[in-house]
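Colleague: Questions regarding the structure given below will be posed in turn.
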Amino acid sequence: MNANPDDLLVLLAVSRSAKFTTAAQTLGLNHTTVSRRIAALEKSLGGRVLSRASGGWELTELGAEAVRVAEQVESAVRTLEQPGHTPDPITGVVRMTATDGFSAYIAAPAVARLRRHHPGLSVEIITVTRRALQQRSGLDIEVVVGEPQVHRAEAAQLGEYMLGMYASRDYLAEYGTPATVEELTAHSLVYFVDSMLQVDDLDAPRRLVPAMRDGLSSTNVFVHVEATRAGAGIGFLPCFAADLHPDLVRLLPEEFAEMLPYWMVLRPDSMRRPAVAALVQALREQTAAHRDALLGRGGTPSTAP
């Protein structure tokens, strides 16, 4: 491959962010220089290394081959910068998306533990609740709720978590504790914005109690938790988040015990990068270690006042 090593490293930076502007900031260059370097690389290789995709740039087959060489160049440069030391292969930026709850309770501590041993690793977590993307340019890992239907990607189940109905003790003292599903209809629901919910598996409360009216809706699960604690209504919450708060009481656990799976989606080439493979393993270990909490068995069950 007859290419300028500097141009290869620019392509590597673009492949990790899917954006020229982000790559430019990482490399200390401007957008025009990045664009010129990519054009020069394509000229030397005789073909396109990047193609437009939703949300950024995606590697072509030639580009993927060039990135493999670029990773070897990057590794060699690090060896020269640290004479006498074996370079840590688990370094660089890994970008992932996951739901709010998974990001906070599983991904964040997994990353913290991993970085204690690999300080050259940087992880970007974009929180979003949606279906898996069909094109994931710039993304190394996606964690989604429900089994994904994807092409040109690898998918594996990470674990499961449970959701249940919760209310604050003060709310129940003021409005009474519903003893049946029918009595829930007298109360307002705290949950996702129905018109913006992209994940069919998260429709449980509106499927199980269709007559329950919306009280406070949000796209963020932490808003659900805090709104429920504040008495905005009865929240349909992940047990691993709600059970952390002793002021919340779980209601009708026999009727409301919705079990949903977390799935991980990877680009086919992602696991070639040691940093991505290490983070995948850390996420698996963190999910397994917190299995009881995810399934609503993490602490002493709440009881109604």
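No value in this document is a laboratory result; all are computed from the given coordinates. Since we're looking at a predicted model, the values are computed, not measured. Here the Cβ is made from the backbone with ideal geometry for all residues, glycine too, and neighbour counts use every protein chain on show.
Colleague: Starting from 0.36 nm per residue, how many nanometres of slack lie between Leu208 and Val69 once their C-alpha separation is accounted for?
Modeller: 44.7 nm
Colleague: For a quick check: with amide H placed at 1.01 Å from N, whose amide H comes under 5 Å from Leu50's, ignoring anything fewer than 5 positions away on the same chain?
Modeller: Here Thr60 satisfy the definition.
Colleague: Would you work out if segment 65-217 is rounded, prolate or oblate? Take a ≥ b ≥ c from the square roots of the eigenvalues of the alpha-carbon gyration tensor; rounded if a/c is under 1.5, else prolate when a/b is larger than b/c, oblate otherwise. Please list the in-between numbers first.
Modeller: On the way: a/c = 4.23, a/b = 2.37, b/c = 1.78.
Cα axes put segment 65-217 in the prolate bin.
Colleague: Across segment 217-226, in residue order, what do the Karplus-derived ³J(HN,Hα) couplings come to in whole Hz, using 6.51 cos²θ - 1.76 cosθ + 1.60 with θ = phi - 60° and x for Gly and Pro?
Modeller: 10, 7, 8, 10, 5, 6, 5, 4, 5, 5
Colleague: May I ask which residue of Leu208, Val77, Leu189 lies farthest towards the positive end of the charge dipole of the chain, with charges of +1 (Lys, Arg) and -1 (Asp, Glu) on Cβ and the Cα centre as origin?
Modeller: Checking the options against the dipole of the chain, the answer is Val77.
Colleague: With unit charges on the beta carbons (Lys and Arg positive, Asp and Glu negative) and the dipole taken about the Cα centre of the chain, which residue among Leu12, Pro268, Thr219 sits farthest to the positive side?
Modeller: Leu12
Colleague: Hey, another quick one. Could you give each residue of segment 56-66 its phi-based ³J(HN,Hα) in whole Hz, using Karplus coefficients 6.51, -1.76, 1.60 with θ = phi - 60°, and x for Gly or Pro?
Modeller: Coupling constants for segment 56-66: x, 10, 10, 5, 7, 4, 5, x, 5, 5, 5 Hz.
Colleague: Right, here's the next one. Helix 31-45 against the longest principal axis of the chain: what's the angle in degrees, Cα atoms only, rounded to the nearest 10?
Modeller: It works out to around 60 degrees.
Colleague: Now for a separate question. What does the helix-only formula give at 222 nm for the chain: each DSSP H stretch with n ≥ 4 adding -39500 (n - 2.57), the total divided by the residues, and the result rounded to the nearest 500 deg cm²/dmol? Provide the component values of the computation, followed by the final result.
Modeller: On the way: 11 runs with 112 residues, N = 305.
That comes out to -11000 deg cm²/dmol.
Colleague: What are the ³J(HN,Hα) values, in whole Hz, obtained from phi via the Karplus relation 6.51 cos²θ - 1.76 cosθ + 1.60 with θ = phi - 60°, for each residue of segment 184-190 in sequence order, with x given for Gly and Pro?
Modeller: Listing the rounded values in order: 5, 5, 7, 10, 8, 8, 10 Hz.
Colleague: Right, another one. Taking amide hydrogens as modeled 1.01 Å from N in the peptide plane, which residues meet the under 5 Å criterion relative to Arg130, leaving out close sequence neighbours?
Modeller: Val145
Colleague: What share of all Cα pairs of the chain, in percent, falls into each consecutive 10 Å distance bin?
Modeller: Computed distribution, short to long bins: 6, 24, 27, 19, 13, 8, 3, 0.
Colleague: OK, next. Choose one of Val123, Gln149, Phe236: the residue whose Cα lies farthest towards the positive end of the charge dipole of segment 89-305 (beta-carbon charges +1 Lys, Arg; -1 Asp, Glu; about the Cα centre).
Modeller: Val123
Colleague: At a Förster distance of 22 Å, what's the computed FRET efficiency of Glu182 paired with Glu160, Cβ-Cβ distance as r, to 0.05?
Modeller: For R0 = 22 Å, the calculated efficiency reads 0.15.
Colleague: Would you mind finding the longest exposed-site-free stretch of the chain, with exposed GluC sites (Glu not before Pro) meaning DSSP loop and at most 13 other Cβ atoms within 10 Å?
Modeller: Between the exposed loop sites, the longest stretch runs 1-253.
Colleague: So how strong a dipole does the chain carry about its Cα centre when Lys and Arg Cβ are +1 and Asp and Glu Cβ are -1, to the nearest 20 debye?
Modeller: Around 1080 debye, computed over the chain.
Colleague: Quote the charge dipole size of segment 26-128 about the Cα centre in Debye, to the nearest 20; the model charges only the Cβ of Lys and Arg (+1) and of Asp and Glu (-1).
Modeller: Details: 11 positive and 10 negative charges, 31 e Å.
Once rounded to the nearest 20, the dipole reads 140 debye.
Colleague: Something else about it: Quote the charge dipole size of segment 5-81 about the Cα centre in Debye, to the nearest 20; the model charges only the Cβ of Lys and Arg (+1) and of Asp and Glu (-1). Could you put the intermediate results ahead of the total?
Modeller: Numbers: 9 positive and 9 negative charges, 53 e Å.
Once rounded to the nearest 20, the dipole reads 260 debye.
Colleague: Assign one of three labels to segment 188-305, namely rounded, prolate or oblate, based on the Cα gyration tensor with a ≥ b ≥ c the square roots of its eigenvalues; rounded applies when a/c is under 1.5, prolate when it is not and a/b is larger than b/c, and oblate otherwise. Display every interim value, and only then the final one.
Modeller: Working: a/c = 2.40, a/b = 1.60, b/c = 1.49.
Here segment 188-305 falls in the prolate category.
Colleague: Classify segment 96-170 from the C-alpha gyration tensor, please: rounded if a/c falls under 1.5, else prolate or oblate depending on whether a/b exceeds b/c.
Modeller: Verdict is oblate for segment 96-170.
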